[in-house]
Amino acid sequence: MTQNPQKRFDPFVAFLVIACVALAIIAFLLARQNRALKAQLSAKYAAESQPADGLKAGDVIQPFSVNDAVGVKSTVEFGRGEAKTILLVFSSTCPACQQTLPMWKSALGSEIPGTVHVVAVQTDPNSSAPVPMGLPFPIYTLDESATDLLTKVPSVPATVIVDAEGVVTNVWFGVPTTEQKDLLQHALDASKPPAA
């Protein structure tokens, strides 16, 4: 008759178990710290990429002239207490803008609420580069007299959210991050009337 030998305590196995648990805890802590550092770096980069004299939260954008697709001139004004405005400024020859246009399209979707007005402005009116079709908002070109806007938006693409009183609440330059895209989507969702 064979007897089962008693299992002995193996210090090596105990060491491996403890080491694995310790490594899992360290990996968790490092991943958490990595997320925090990425957020800090993103905020620092966003702050540094904002030009000192560029558009920023709290500013008021002066009215400016635009031309629509058929050349009809109109004036864009903000803050009549009617609707929030999302101002999108881009150039058709800018690679970052070409990357941002589809993101704007998906973030804004096909149903823009009536309480939100979208103004997409192309800064290079004489460009032969095609602008993507199927965007859920009209695209205007800047009139030559819109120099004030161009000095406040020194780089493109620029995404600007203006409240119903005409005050800029959010602005960022360059390709929007995931967080900024979510913020843009939230601006739309907050403007939709509640479902009945």
Looking only at the stretch 142-183, which residues are touching a helix residue (DSSP H, G or I) at 6+ places or on another chain (Cβ under 7 Å) and of a type in the set (Lys, Arg)? 181
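Which residues, counting only those in the stretch 59-73, are of a type in the set (Gly, Ala, Ser) and part of a strand (DSSP E or B)? Write out each step before concluding.
Keep residues of the stretch 59-73 that are of a type in the set (Gly, Ala, Ser), which gives 65, 69, 71.
The answer is 65, and nothing else.
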Pair list, Cβ < 8 Å and 6+ apart or interchain, from the stretch 172-188 residues that are surrounded by fewer than 17 Cβ atoms within 10 Å (Cβ to Cβ) to residues that are assigned to a loop (DSSP other than H, G, I, E, B): 175/157
Subset of the stretch 44-73 [at pLDDT 85 or above and more than 17 Å from residue 150 (Cα to Cα)]: 58, 72, 73
Of all residues in the stretch 74-122, which are assigned to a strand (DSSP E or B), under 23 Å from residue 144 (Cβ atoms), hydrophobic (A, V, I, L, M, F, W, C) and touching a residue at least 40 places away in the same chain (Cβ under 8 Å)? 76, 87, 88, 89, 90, 119, 121
Residues being exposed (fewer than 15 other Cβ atoms within 10 Å of the Cβ) and either among the acidic types (Asp, Glu) or under 18 Å from residue 166 (Cα atoms) (or both): count how many of those fall in the stretch 78-112. 4
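For every residue, the table says whether it meets (1) at pLDDT 80 or above; (2) among the polar types (S, T, N, Q); (3) under 17 Å from the mean Cα position of the chain (by Cα); (4) assigned by TED's automatic domain parsing to the domain that holds residue 69.
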| site | (1), (2), (3), (4) |
| --- | --- |
| 101 | yes, no, yes, yes |
| 109 | no, no, yes, yes |
| 170 | yes, yes, yes, yes |
| 181 | yes, no, yes, yes |
When the stretch 132-153 is examined, which residues are found to be surrounded by 13 or more Cβ atoms within 10 Å (Cβ to Cβ) and either part of a loop (DSSP other than H, G, I, E, B) or of a type outside the set (D, E, K, R) (or both)? 135, 136, 137, 139, 140, 141, 142, 143, 146, 149, 150, 153
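The values are calculated or read from the model by the stated rules, or taken from the named source; none is laboratory data. Worth saying up front: this structure is predicted, and the values here are computed from it rather than measured. A quick note on method: Cβ atoms are made from the backbone with ideal geometry, for glycine too, and the neighbour counts reach across all protein chains shown.
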